[in-house]
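Working notes, structure below.
The values are calculated or read from the model by the stated rules, or taken from the named source; none is laboratory data. Model, not experiment: these values are computed from the prediction. Reconstructed Cβ throughout: ideal geometry from the backbone, glycine too, with neighbour counts over all protein chains shown. To get the accessible areas, we keep the full protein, side chains included, count just its heavy atoms, and leave off ligands, DNA and RNA. Shrake-Rupley method; radii C 1.70, N 1.55, O 1.52, S 1.80 Å.
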Amino acid sequence: MENLINKQIESFKVSAFCKGEFVEITQEDLKGHWSVLFFYPADFTFVCPTELGDLAEHYEQFKEENCEIYSVSEDTHFVHKAWADASDTIKKISYVMLADPAGVLAKQFGVLVEEEGQALRGTFILNPKGQVKAYEIHDMGIGRNAKELLRKVQAAKFVEEHGDQVCPAKWQPGEETISPSLDLIGML
Amino acid sequence: MVDIEKISSRSELITKELEEQLHTILKKLTDEVCLVCVIDLADKASIEMAELVRHMVGLSETLSCHFYEKAEAEINFPELDSSMLPVTALYKEDSYTGIAFHGVTGGKEMNSFVLALYNVAGAGQEIDKHIQKKLHKLSHKIEMKIFVSLSCHHCAQQVITCQKMAAESEMIEAKMIDARLYPHLAEEYHIERIPMTIINEKEVLLGVKTIDQMYQIIKAYPK
């Protein structure tokens, strides 16, 4: 299985639906800021609006992190509009909904299920250079959590800014004191 | 003062192998330094640290130690923060060096503890003469709180850097704080990554910095 970490996003041009309008998006639009590509199987399904609504509720926090959200399904931008017209949850979305009916993006990120013409629930965090820094892929019925995704974006940004000279802190009350280890080679 | 005989002179944290390593390093100490420990006799971490200090003092000819409980320390050592016990501070010629450890110096922090002793009581680590001169001229008080985890080697490096600066300047205080032991502080300061250094309760730094980088930051305080 191909490892996608540090994969550079390839060129693409797709139509999209955003705040009532149709727009065109290319790989260049994903650069200069952090991006999340959020694949989901199809419009007009039950779990998807829940996930996309959750993401919409956290959208402002993503923007505060200089991160744009791009949802992606294999529907056309016309279907996205129809869904927004029919669903209050989708109507509230202000991030860009990419239309990938030819499967260009889903193939590029390895989430296309060709026999069904749908994408797995893949989430890809890209840095401002358009490189994948973190990702997860769920089977169709397994939902994701926007709050956890936001934490991952913050962590990815942090590592990019501070390198690896920090450790995540996970405090567990009641842990034993760790035995001392001395390593002062070259320090005295 | 706590009766020293209440504290075991053998620490379970110091193995035979570690004892041999420590003995070699502590032999390099030339000046007398007193380790003042403020402890709570009912607290496991306090007893662990007290035993570790006694054990180490027993390996050296120039180190000594005294143990105090909180009430007595608040009167006699107001410069120490007795709200986070145990605290172990280095004193030289009856003066506080500005170097303190809140918690047990287990794990990677044994490195910072030993180097703090070496920097105060021994020849000390080499430092760029230019920076050293600037540190000696520092005219305003700087307090650095370095929040750490005992398993994080980056943390020990940051503690070493800050405490080396404290060893060079009377104006600098550098306190290692094991965030695991003080969960209310981890919450108060939103500590999710370590090492996290807080300067004068204002500037928050993450990760490891060099002495030069730290000096560039602290020279601006107070504005």
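Cross-linked pairs A:81/A:147; B:6/B:70; B:28/B:92; B:141/B:209; B:28/B:141: Cα-Cα separations exceed 28 Å for B:28/B:141.
So which GluC sites (Glu not before Pro) in the range A:105-188 are both in a DSSP loop and have at most 11 other Cβ atoms within 10 Å of their Cβ? Present the calculation step by step, with values, prior to reporting the outcome.
Working: sites: A:114, A:115, A:116, A:136, A:148, A:160, A:161, A:175, A:176; in loops: A:114, A:115, A:116, A:175, A:176.
Hits after loop and neighbour filter: A:114, A:115, A:176.
Once A binds B, the 1.4 Å probe can no longer reach about 2700 Å² of accessible area, counting both sides.
With all protein chains kept in place, the per residue accessible area of the range A:19-112 amounts to 43 square angstrom at a probe of 1.4 angstrom.
Using the Cβ of residue B:66 as centre and a radius below 12 Å, the other residues enclosed give a net charge of -3, where K and R count +1 and D and E count -1. Considering the zone a paramagnetic label at residue A:11 would reach in this model (a point 7 Å from Cα along the Cα-to-Cβ line), which residues of the range A:25-44 have amide N under 14 Å from it? Hits in the range A:25-44 for residue A:11 at 14 Å: A:26-29. Carbon and sulfur together cover what percent of the accessible area of the protein assembly as shown at a 1.4 Å probe radius? About 48 percent, which is the carbon plus sulfur part of the accessible surface. Label sites at residue B:190 and residue B:126, each approximated as a point 7 angstrom past Cα along Cα to Cβ, lie 4.1 nm apart. Under a straight-distance cross-link criterion of Cα-Cα below 18 Å, which aspartates and glutamates are reachable from residue A:7, leaving out those fewer than 8 residues away in the same chain? The qualifying aspartates and glutamates are A:28, A:29, A:136, A:160. On a 0 to 90 degree scale, rounded to 10, what angle separates helix A:146-162 from the longest Cα axis of chain A? With rounding to tens, the tilt is 50 degrees. With label points built 7 Å along Cα→Cβ from the Cα atoms of residue B:5 and residue A:148, find their separation and express it in nm. Computed distance between label sites residue B:5 and residue A:148 equals 5.9 nm.
Inter-chain Cβ neighbour count for B:178-189, averaged per residue, equals 2 (cutoff 10 Å, partner chain atoms only). Here the contact order of the range A:93-188, divided by its residue count and restricted to Cα pairs under 8 Å and six or more residues apart, works out to 14 percent.
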